[in-house]
Amino acid sequence: MVGLLELYFEQDAPGANITTGGDALWWGYVTATTVGYGDEYPVTTGGRIVGTLMLTIGVALFATFSGFLAKAFLSSEADKPAAPADGSVEAALHDVERLLAEQQLATETLRARLLELEKT
C-alpha cells in the first residue's frame, strides 16, 4: 500500500528511479526491513514524506517483533502463573490477563524504541 503511494509521487518525476510497480515494491520491502540498499530512493518531497512513514513503520514492526522474540526466549513456563485448566470463567480471565500483559510489554518496548529514534 505504501509502495503504491510512493509510486504515485515518483513515477513521473524528473530523475526518479521508482517508476514501476516492481520498483515501488522493491523499495517498500528494502525500506521496511531497514536494509536500505540505496538503489531505489525517493526524489520528490511527497515521496520522501512517504519514505519517512515507511521507515517509521518498518522500525516499529521490527522492534515489536524483536520484543516478542526476546520475551519468548527469555521467559520460561516456570515464570508464568498456573492457569485453571477446567475451561472455567477463571481460566478465560487468566488468558485475557496474560494477553493484556503481553500487549502492554510490547507497547512499552515500542514506545522506548520510538523515544530512542526521536533522540537521534
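The values are calculated or read from the model by the stated rules, or taken from the named source; none is laboratory data. On a predicted model such as this, the values are computed, not experimentally measured, just so you know. Please note: Cβ atoms are built from the backbone with ideal geometry, for glycine as well, and neighbour counts cover all protein chains shown.
Observations, loosely collected:
- Scanning the range 25-60 for residues that are in contact (Cβ under 8 Å) with a residue 40 or more places away in the chain, crowded, with 20+ Cβ neighbours inside 10 Å and of a type in the set (Val, Ile, Thr) yields one hit, Val50.
- Within the range 1-24, restricting attention to residues that are surrounded by fewer than 16 Cβ atoms within 10 Å (Cβ to Cβ) and modelled with pLDDT under 90, the residue that is nearest to Leu110 (Cα to Cα) is Met1.
- For Arg98, the requirement of being modelled with pLDDT under 90, of a type in the set (D, E, K, R), surrounded by 13 or more Cβ atoms within 10 Å (Cβ to Cβ) and over 30 Å from Thr34 (Cβ atoms) is met.
- Residue check, Gly51 modelled with pLDDT of 85 or more, under 22 Å from the mean Cα position of the chain (by Cα), closer than 22 Å to Ile18 by Cβ and not aliphatic (A, V, I, L, M): yes
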